[in-house]
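Structure first, then comments.
Values quoted throughout were computed directly from the atomic coordinates according to the rules given, and no laboratory measurement underlies them. What you are looking at is a predicted structure, and each value in this text was computed from that prediction instead of being measured. As a convention, Cβ positions derive from the backbone with ideal geometry for all residues, glycine included, and neighbour counts pool all protein chains shown.
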Amino acid sequence: MLEVKKQTLSQTFSVYYHKRMLRILLLGAISGFPWVLIASSLSLWLKEEGLSRSTIGWAGLIFGVYAFNYLWAPIIDRVQIPYLTKKLGHRRGWIVLMQIIILLCLVVWSVINPTENLALLISVGLIIAIASATQDITVDALRIEQINENEGKSMAAGAAMAVVGWWTGYKLGGVVALFTAEFFENLGVSDYWQTTFLILGILIILMNIGLMFVHEPIQTDRQAKQKETDQLIKKKLGSSNFVTNFIAYITGTIGGPIISFFRKNGFAIAAGILAFVFLFKIGEAFMGRMSIVFYKEIGFSKGQIAIYSKGLGWITTVIFTLLGGLMAMRAGTIKTMFFAGGLMAITNLLFAVLAWTGKSEILFAIAVIADDITAAFATVAFVAFISLLVDRTYTATQYALLASIGTAGRTTLASSSGALVDWLNGDWGTFFVLTTIMVIPSLFCLWLIKNKIKIGEK
């Protein structure tokens, strides 16, 4: 019997050194940056314009599009963009198109007065969210396709690098946004946020330049398999004409990924997976949606928020995301998710303590660091988990479906976070305790299915 030698820690870590991990890092940054615009920047912009917590919270409904992007994911898998696809490739063509749309939206935001044109402002934010959600479909597919199906450990490493990239785009982008806004505010510029959005547009241009160095992998047999599915459906329909061809295309495109997922896992396990994915990060989302409002209300400046929540948080996130990837590679994604879930419950309580004790830079730093550590472990395990579940025939569609279900819980339910704080009469401590309790149902679902999930982690 052959003895399998266990890898050392350094051997496991060496997976990160492959050049494709740098490409995945950039893709993650491209994916994370739009959240700077429609999350922290938009929330703080509305707060400083005097709008209520409830309004800010409900404005977050624009994130709901992330929960439904799987509906048009099949289009991303099949439809080619005129000119861009030919010049840049299928995946990169879609990404560049969405980046152009986001850039144009920032130009529109730069001339809007929020209090006078709130509906228009939110509508433009919705367009950014749609473009970002569409972009994410392509980014995730391109990221997964950088790694072979049988490379389970590399998939975990790729998930870690994608998360590092996402948080780099989000947190460092947030540092730029907050310090730029504060700089123009101190200069006496009345529309300092509008000016900031023009500066942020430069970062989008730079990211698109970097995207040109991310090469798409050799064409897979994805399209051939999709057409094979279409042909099988045509045979079932018994004829071949425009109507049956259209029905076969739609059925194969939308129904194929769903049928494949349930066939692979079985109905009960598939349902358990979907329940876990939906519930896993709801508590984190409730807290995250209102965190920057909480920081502002408790008395922290934009500069302090930038340093502790964005700058320091980025460093912490990078380090512990890589460590989370190592844990996922050595202990497995499922064990890592249990570990991260427990941490989420504990760290949320730190913010409750901060709310009850009042402004404290030391406690603020501790809470932010702990939260970033937790988010790093949780996100790495979650991304690796759903990446391992997808069928490469339907990479974009299945990943988008699973990610959308996860996003649905975080966006639709968490949009009531501001209303919940108002209902509690501004009792932030109780609010954070409730976010702690929200973690428990997802871990129970995972415990029920943990021994029956079919993923390859070799």
Once residue 52 and residue 215 are pulled to full extension, the length gained, defined as 0.36 nm per residue separation minus their Cα-Cα distance, is 54.1 nm
Mean separation of Cα contacts under 8 Å (at least 6 apart) over the residue count of the stretch 277-428, i.e. the relative contact order in percent, is 42
When 66, 17 are ranked with the fewest other C-beta atoms within 10 Å first, the list becomes 17, 66
Packing-ranked peptide list from 366-372, 324-330, highest mean Cβ count within 10 angstrom first, is 324-330, 366-372
Most packed first (mean Cβ within 10 Å per residue), the peptides 260-268, 70-78 order as 70-78, 260-268
Output ordering of 33-43, 161-171 (per-residue mean of other Cβ within 10 Å, highest first) is 161-171, 33-43
Once the dipole of the stretch 290-383 is set up from charges on Cβ (+1 Lys and Arg, -1 Asp and Glu), the residue from the list 314, 355, 291 lying farthest towards its positive end is 314
Violations at 24 Å Cα threshold for listed pairs 264/335; 281/302; 264/450; 19/452; 86/264; 171/281 -> 281/302; 19/452; 86/264
Phi angles of the stretch 166-183, converted by Karplus (6.51 cos²θ - 1.76 cosθ + 1.60, θ = phi - 60°) into ³J(HN,Hα) in whole Hz with x for Gly and Pro, give 4, 5, 5, x, 6, 7, 5, x, x, 4, 4, 4, 5, 5, 5, 4, 5, 4
